[in-house]
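Here, each number is a calculation from the coordinates, and none is a lab measurement. For clarity, every value in this text was computed on a predicted model and none was experimentally measured. We place every Cβ from the backbone using ideal geometry, glycine too, and count neighbours over all the protein chains shown.
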Amino acid sequence: MTDKLRFGQFISEKRIQHSMTKQELARQIGISTAYLSQLESGARSNPTIEVLDRMINKLHLDEAETHKIYDLYAASNDTISPDIITYLKSNNIVTKAIRKAQENSATEKDWLDFIDQLQK
């Protein structure tokens, strides 16, 4: 299964869970039904971030589901999750930390230790 199809299937599953037709969701987020069908089928995977955020809102996705749809969107478009990009842009220190980790060849264990420190 391709990333594009997984992204589209996630949208479809959430729409169906909320008993919404394609027409209803498309109208509520300001896109055509044909475009929503293309997204769900995996033929397209590149809605604007604004459309993606309206979809998240109308489908009442919780935090974990929002992270999942962002990650699926990123994987299907060979990019970084939109929420991560926003965070990076607003926090210069994060960019410095990532560069320092890169310079020092940080391992997965280093990152897991860092995450543990953040959770304390």
*With Cα Rg over 2.2 N^0.38 Å defined as stated, name the option among (1) 1.26; (2) 1.53; (3) 1.11 computed from the structure displayed.*
(1)
*Would you mind checking K58/K96; K58/K109; K14/K120; K89/K120; K68/K89 for any pair whose Cα atoms are more than 31 angstrom apart?*
K58/K96; K58/K109; K14/K120
*What does the helix-only formula give at 222 nm for the chain: each DSSP H stretch with n ≥ 4 adding -39500 (n - 2.57), the total divided by the residues, and the result rounded to the nearest 500 deg cm²/dmol?*
-22000 deg cm²/dmol
_Folded to 0 to 90 degrees: helix 63-76 orientation relative to the chain principal axis, Cα_ = 90 degrees
*Point-charge dipole on Cβ atoms (K/R +1, D/E -1) for the chain, about Cα centre, debye to 20*: 340 debye
_the chain, relative contact order in percent, only Cα pairs under 8 angstrom and at least six apart counted_ = 26 percent
*Which FRET efficiency value, to the nearest 0.05, do you get for E108 and I84 by plugging their Cβ-Cβ distance into 1/(1 + (r/R0)^6) with R0 = 22 Å?*
0.80
*Kindly express, to the nearest 10 degrees and within the range 0 to 90, the angle between helix 3-17's C-alpha long axis and the longest C-alpha principal axis of the chain.*
60 degrees
